[in-house]
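Only the coordinates and a few stated rules stand behind these numbers; no lab work does. From a predicted model like this one, the values you see are computed outputs, not experimental measurements. Glycine gets a Cβ as well: all are built from the backbone with ideal geometry, and neighbour counts include every protein chain shown.
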Amino acid sequence: MSDLGWLFNAGVMRLLANGLAMTVLLAVICGALSFIIGNLLAMARMSRLAVVRYPAVIYIEVIRALPLLLFIFAVYFLSKPVFGINLEPFPAAVIALSGFTGAVTAEIMRAGFLSVEVGLIQAATAQGFSDLQIFLQIRFPLALRRMVPALVSQMTSLLKATSLVVVIGVPEFFERAVLLTTRPPFQPVPVYLLVAIVYFLMNYGLSVLSKRLERMEAGGLKHA
């Protein structure tokens with residue numbers, strides 16, 4: 001462990017950088033998709049129509065009760081026997097992470113929507129606003145402002161969760177690190193220490209952003 005020149009040579013750094021780029025790409029894609037999925041599920045769960053509300057409730061509660069690792073396995077290995085689709089590791093990872101995080105995000109968004117004061121909704125209704133106008137112009141903007149800190153925190157969790165897709169062979173950051181430990185000089189400790197530092201820096205940055213947004217939101221509420 002005294003000589004770490006092998007770890008910081010160009011080839012190894014390129015290997016890890018490619019894996020890190022895959023991790024960030026996966027987190028960004030899944031973060032965007034989970035936001036959309038969470039929004040749709042939250043609205044469905046608040047729907048007055050039972051045929052819309054109950055499927056959303058069942059999906060959210062079932063997915064949130066499952067371990068993410070199990071859900072990743074289910075999406076990857078059951079897609080062909082159940083749906084006849086032979087998923088490659090990357091799309092399977094996107095579906096699993098987005099579907100799982102979307103269920104969690106749905107509850108964050110539902111809480112945000114419900115936090116909008118009833119008086120504002122009633123006032124908009126009295127002014128002749130349609131339900132769609134109320135949602136787009138009042139409920140969604142106000143709720144989004146209040147949800148941002150929680151959504152950033154969820155993005156932190158998603159970034160860490162990307163390491164789980166190593167089990168289906170996605171060449172992300174942690175998978176590249178595992179591959180590196182199987183090569184000479186077979187020193188896993190410095191590799192995993194480097195990986196831990198990189199994950200810490202990324203997630204700490206998101207945590208700082210989340211806390212700053214929380215302070216901004218608190219300040220905004222005081223002056224509202």
Contact order normalised by length for region 81-194, with contacts defined as Cα pairs under 8 Å and 6 or more residues apart; what percent is it?
27 percent
Between N86 and Q133, the two model label points (7 Å from Cα along the beta-carbon direction) sit apart by a distance in nm of 5.4 nm
Which of F77, F135, F186 moves most in a GNM of the chain, Cα contacts under 10 Å?
F186
With springs only between Cα atoms under 10 Å, which of A103, A177, A27 fluctuates most in a Gaussian network model of the chain?
A177
First measure r as the distance between the Cβ atoms of L209 and L114, then evaluate 1/(1 + (r/R0)^6) with R0 = 35 Å and state the FRET efficiency to the nearest 0.05.
0.90
What is the spin-label model distance, in nm, from A32 to L78 if the labels are put 7 Å beyond Cα along the C-beta direction?
2.9 nm
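Show me the GluC sites (Glu not before Pro) within region 55-150 that DSSP assigns to loop and that have at most 16 other Cβ atoms within 10 Å of their Cβ. Provide the component values of the computation, followed by the final result.
On the way: sites: E61, E107, E117; in loops: E117.
For GluC sites (Glu not before Pro) across region 55-150 that sit outside H, G, I, E and B with at most 16 neighbouring Cβ atoms in 10 Å, the list reads E117.
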On a 0 to 90° scale, report how tilted helix 89-114 is relative to the longest principal axis of the chain, with both axes built from alpha carbons and the result rounded to the nearest 10.
30 degrees
In a GNM of the chain with a 10 Å cut-off on Cα contacts, which of R139, R45, R14 has the highest mean-square fluctuation?
R14
Convex hull volume of region 134-224 per residue (C-alpha atoms, cubic angstrom):
93 Å³
